[in-house]
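Report on the following structure.
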Amino acid sequence: MLASVLDGEVLKTEKSRIHDTLASFESTSNKRLAEIWIGLRAKLRSREVSDERQRLEERKMHAVDRVLNELMSFHVPDDADITSASLLADRMLRQLDKVQSFYPTLKAFYLDKPLANSKEFHLRSDALYTWTNVRTSLRLQISLLQQWTGSDSLDVTYSSTKADREHSTFLEQILKEGTIQRTFERGALVTVHKLIATARDTQVNLAESFTEMNLPNFEEELVQLIGFPIRLVYACLKVRLESVGNFTSLELLTIDQMLDDFRLTIGLACTLKRQYNEFMMPDPGGHWNLPHSIPEDYDSVLLEALNYFFKLIHQKINAGSKDIFFRDTDVLKDHEATFNDVSLCVKGGASVVAEQLCTITHKMISKANNTFEKQIRIPILAKEKPNAMFTPPHVSTSPMNGAGVGFDFQNRYGNMKGRVMSGPQMIAWYEKVFESVKTRYRKLATHSRVLIQKFGNASEYSLENVQMDAFIGCLVQTDHFLVYTQSYEEDGTYIIGSRGLKDSPDIIAQLLQDPFHVNNLWEAGYQFQQNGSSDNGFDAVEEDDHAYLLVISPRVRFYWNGPVLMLQLPRVGLDLKDNIVRLIADGPQSRLTLAKERFAECFIIAEDDAEALEPYHPAPICIVDQMAHLPTVNKEVWNIARRTDRLAEAIVEAVFHIRRSLTGVPNCTELLYNWYSFATEHGQQAQKYMSRPSWMRYNQLLIRLAISWVTFVCDDCDPSDRRTFKWAISALEFALLRTKRSNILQLPDDQFDLLRQKVATCMQLLMQHFDILGVRATTAATDAKRERLKMEELRRMGLDDIADKEGDLVDSQTPASEGTTAIYHPSESTIALADRSIRRFRDDVLQQLAQVDDKRTSWVAEQRIVGRVLDRQKPEDQSLMELAASSSTVQIRWQKRNFIGAGAFGSVYSAVNMDTHSIMAVKEIRVLEMSGSPNLYRQIQDELKVMEMLHHPNIVEYYGIEVHRDRVYIFEEYCEGGSLAANLEVGRIADEHILQVYTMQMLEGLVYLHARGIVHRDIKPDNILLDHLGVLKFVDFGAAKVIAKATNTRIGNRTRFQNSASSSQVSLNINNPLAPDEGGLIKPNSLTGTPMYMSPEVIKNDITGRHGAMDIWSLGCVVLECATGRKPWSNLDNEWAIMFHIGVATQHPPLPDRSELSELGIEFIRQCLTIDAMTRPSAEELLRHRWIVQFMETLRSYEEEEMATSPPADMPSEQDFAGATVARQAAILREKEVEAIASSPVTSEITSPFDAGEVELS
């Protein structure tokens, strides 16, 4: 019925009526729009509508057909260059646009001229438009790069003479401004990449139309654009390699900075090469074939940079730093992405990565093993000479000791052979060693197993007693093919490929040359990806095709009657012995197992019914189950396995030594149990991955460990201790596990008798504990029953309230039930309200961002920074020129690094001195924001003159200034440790020795300043920095405080940079410290500083007092805060109350109690906080305080001991560290660190004690 209705005449008539109505309405609407359009056109040209319509008809008659015919026959002359072709195309498109403007819409144009709506016309016009747009975009991008580099040929080494780049190249600007490099990576590089991809698609897809119209391709522009990023990063790599060639010893901080630089540059170089290879791939039609624009030695330079990158990693790991010691494997893991990039992009990169990774890992395990064995044998128990006990220096756990003025556990005891200790000291020592090895061993063991399995992609079979003809026949019948290389055959080595590699010559070359493949790295639960594509083509090989290579070296001749693939391959040293078959799989673990299974199936034939299988030919015997197919890599892998096994054995043997050493020492049973538990746990795990000989030897060691553990429980543990019950169970379980099967039969008679006796004793101990536990359980049940009876008796006596209270008390100690838990469920209206709030917030933020962007645009347009000319008539410009001519102006090559903080007039960055490869801090001051202070530059110049005079290890060093037209750079010493305030946020300094170290450094710095008539005036934790060795430094004597004084900025706020301070104030009158400065800016005791650290004379504006007394008061407040972890006057809630208590009530802040600081330390702070500024001691007098003198004696004895045992070759001079005792000790530690790095062998020079013939993995 429905079909009849749909096919009926009524529905057809209605549809026809609706169509006619819509067509009539559309025609009427189009006419009305056309009338409006012609009316507007006539109005704009001041004509009548009829005149305009007549003119349009005349133009259509004379021009439209001519232009359309010209476009259909458009053809660039053969002798025209690309510029002429571009002009002709532009002229043609302008004419087409002109005739299209004669019509109100394109639809009207197509209705009037059917030729314009033809397919051929659209193809030609679209191709012409696309060609013009792409070429214009390419020329525009090249023009921008030319302006950026200052070179028409985009030469990155071209020296520009523009405003701020005199005698500097574009490459130097890139290296100096780290932000420019990141901008290039994220901005310009992305734009260039998209533009090249668009040009490629255009030239390939529209090639026929371009050929028909004789339009030239984009080769000239594309070669420039494609080659520019490549040449830039290539030049960056060469400059970095040239700059580091003269440096043999580097500090750890510099090594970290250089690692970061090389990692970024190498990663960018690999990314560009991948993109370059993608762009240069020709299309099947032959329309894309650009000439190569990459330097010929690009790969060699990249490999050279990779080798130096590994050298830096090796130096960092061998630096001996405490934080590196526990995370050396993480250092390699952090750069895994860089290693994978190079392995994918550079020919031979995978081999370099594999060899270097294995070499460094071998050295790490060897170092860990040697260090552990030394640490275990250091303590010697003082039995006969208790008065000769050695007390090791206290190892602080304070956050301040992270980098070291304190004593490093690893460095301090690494070379000791034996020290006399008391029993508690030995227990503390072995606890530290236990925590150290437990953390580090797990990381090293996991890392070594991953490398062994990652590079283990091959197996070896023996051809002894194998008939070669039958063996070759099996391979031929299973579709194997011979790879004829014309090089390996000369040495009697032949390569045979499996069926899956028949059409993949590139994969064959990679399988033979690369020790691992990034896209098939082994990991837990590894599964081969059957679908998808990859750069190296491995994902294109299906699992059933079992891709592997067989490398054979038979002693007898054989005849190959199967398929042969002619493939020239470079020689790779395989070190293959005679009568050996080496199977090389396309990946480790599951891929290797699958390849071995498929290879074994080649020698088994199935009958027609596919049920019964019978051997066709005896398969070769597997002699090496897993190995790396390259000998150089396999040698290092074998060394890693050997050293890992040795470390596992050392841990088990250490338990025996520790137990003997702690014999007779009380309270050591729990420590010994921890050692036994850890040794058994790691021993069972390590044994799973050992070779057969190592497994047998280690198994005997674990049996000895099990007997020793049971003996320890029986002989050394207290039977009445409840922990002994748990320890006995663990020991018996491990003993049972180790003596299963035939292990019990291998025990000597004396060990068997000892084991039987101790197991019996343990069983008796367990039975005693079971009885005790039973009695306790019975007693507990009886007590509970008695309590219930008591409660029932109280209720019967009418004392229900008491019972309820007791019951409530019990209930209050139990958690609430689920029914009492309040759960909030937002309603739909709440969610909707939240959505509206989010939308309003987003709109407000976008509106504010738009306003900021508009202000920035207008500011740039008004200021015209680029090319700005200085006007000598303006005071600020004249002062700027005087500042540029000052003696402190320096010319150095430097590179801006990470952002640290920002202030009112600029920002602070870390930077690298490219000449010395040292790290420094750079303050960038923006000139335009200081234009309202014409005398400001002269004040900066006066301040910098004073800063040039300050040279002390406890004062931040000033290096110089660099002046530009729009900004000023001030170079100062970089302090990696951050401010003292940031460190105190973690907690107080609990170790008083560390507090004495810091106090002494502050006193020595103040003695230096006060001797030169300089008063700091704002000493507080924010204005004290720490370098990477823990040396304190006062900051800041730069332009920031002068700016703050000149602009009435509030001083004393707690705003600070991450690694620098921003609000210190210094009085700089050298001749008369108590007189006001020139211009009357600041009096010596004027109200300047942070109130909670202000002295009474500053609060009262009293000019009397000893020189520098206000700094001594602030010093006491800082020491107080370090000792307590609380700010001075933390009991008061506002600054006015603090100022009242200091100035009016003349009180000092609450002192620490004796649980936080010793009596001498409290007395030192009390003297610093003397109310009377005339009697307050000076910094020089405080250095003679008993609290400081006590520490100086300890430090002097430590120095004498260090100098007697291992003095550095380059001893820091006493003249450079006059008045800086602690800083000199830190410099000595730094020299030792540098010498340790310099003396560490380079990874390529590491040799193995094992011969090449012993390299095997089984």
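The values are calculated or read from the model by the stated rules, or taken from the named source; none is laboratory data. All values derive from a computational prediction rather than experimental measurement. All Cβ positions, even for glycine, are placed from backbone atoms using ideal geometry, and neighbour counts span all protein chains on display.
Once the range 689-741 is narrowed to residues that are within 26 Å of T446 (Cβ to Cβ) and hydroxyl-bearing (S, T, Y), the residue that is surrounded by the most Cβ atoms within 10 Å (Cβ to Cβ) is S694. Checked against the criterion of being closer than 20 Å to N1023 by Cβ, in a loop (DSSP other than H, G, I, E, B) and at pLDDT below 80, the range 1105-1119 contains not a single residue that satisfies it.
Here is the figure for the range 968-991: residues that are of a type in the set (D, E), surrounded by 19 or more Cβ atoms within 10 Å (Cβ to Cβ) and closer than 20 Å to G1125 by Cβ total 0. Scan the range 162-193 for residues that are at pLDDT below 60, out of contact with any His (no Cβ under 8 Å at 6 or more places or on another chain), outside any helix (DSSP H, G or I) and not hydrophobic (A, V, I, L, M, F, W, C) and the total you get is 4. Suppose we filter the range 102-134 for residues that are modelled with pLDDT under 90, exposed (fewer than 14 other Cβ atoms within 10 Å of the Cβ) and either basic (K, R) or farther than 16 Å from V64 by Cβ (or both); how many remain? Residues flagged as modelled with pLDDT under 90, exposed (fewer than 14 other Cβ atoms within 10 Å of the Cβ) and either basic (K, R) or farther than 16 Å from V64 by Cβ (or both) within the range 102-134 amount to 1. Total residues in the range 742-783 satisfying the condition of being modelled with pLDDT of 70 or more and basic (K, R): the figure is 2. Restricting the first member to the range 447-470 and to residues that are over 15 Å from L583 (Cβ atoms), and the second to residues that are among the β-branched types (V, I, T) and assigned to a loop (DSSP other than H, G, I, E, B), the beta-carbon pairs closer than 6 Å and six or more apart or on different chains are M468/V556.
Looking for something over 30 Å from D201 (Cβ atoms), surrounded by 13 or more Cβ atoms within 10 Å (Cβ to Cβ) and within 58 Å of the chain's Cα centre (by Cα) - is there at least one such residue anywhere in the range 144-153? The answer is yes, given that some residue of the range 144-153 is over 30 Å from D201 (Cβ atoms), surrounded by 13 or more Cβ atoms within 10 Å (Cβ to Cβ) and within 58 Å of the chain's Cα centre (by Cα).
Take D112 and decide whether it is in contact (Cβ under 8 Å) with a residue 12 or more places away in the chain, of a type in the set (D, E) and over 25 Å from T202 (Cα atoms). Here the answer is yes, as D112 does meet what is asked.
Which one is farthest from the chain's Cα centre (by Cα) among residues in the range 478-506 that are among the polar types (S, T, N, Q) and closer than 18 Å to A595 by Cβ? Before you say what the answer is, go through the steps one by one.
Filtering the range 478-506 down to residues among the polar types (S, T, N, Q) leaves 478, 485-487, 493, 498, 504.
Of the ones still in play, those that are also closer than 18 Å to A595 by Cβ are 478, 498, 504.
Numbers: T478: 49, S498: 41, S504: 37 Å.
If we take residues in the range 478-506 being among the polar types (S, T, N, Q) and closer than 18 Å to A595 by Cβ, then T478 is farthest from the chain's Cα centre (by Cα).
Regarding the range 698-709, can at least one residue be identified that is over 46 Å from the mean Cα position of the chain (by Cα), part of a helix (DSSP H, G or I) and over 27 Å from T439 (Cβ atoms)? Checked against the condition, which is being over 46 Å from the mean Cα position of the chain (by Cα), part of a helix (DSSP H, G or I) and over 27 Å from T439 (Cβ atoms), the range 698-709 yields at least one hit.
Candidates are the residues of the range 262-319 that are over 21 Å from T202 (Cβ atoms) and hydroxyl-bearing (S, T, Y); the one that is surrounded by the fewest Cβ atoms within 10 Å (Cβ to Cβ) is S300. What are the residues in the range 421-436 that are modelled with pLDDT of 85 or more and closer than 13 Å to A654 by Cβ, if any? Answer for the range 421-436, where residues must be modelled with pLDDT of 85 or more and closer than 13 Å to A654 by Cβ: W429, Y430, V433, F434. Within the range 564-575, the set of residues being in contact with a helix residue (DSSP H, G or I) (Cβ under 9 Å, 6 or more places away or on another chain) and on the phi < 0 side of the Ramachandran plot comprises L565, L567, L569, P570, R571, V572, G573, L574. In the range 270-284, the residues that are modelled with pLDDT of 85 or more reach residues that are surrounded by 13 or more Cβ atoms within 10 Å (Cβ to Cβ) and acidic (D, E) with C-beta atoms within less than 6 angstrom, at least six apart or across chains, in these pairs: C270/D341.
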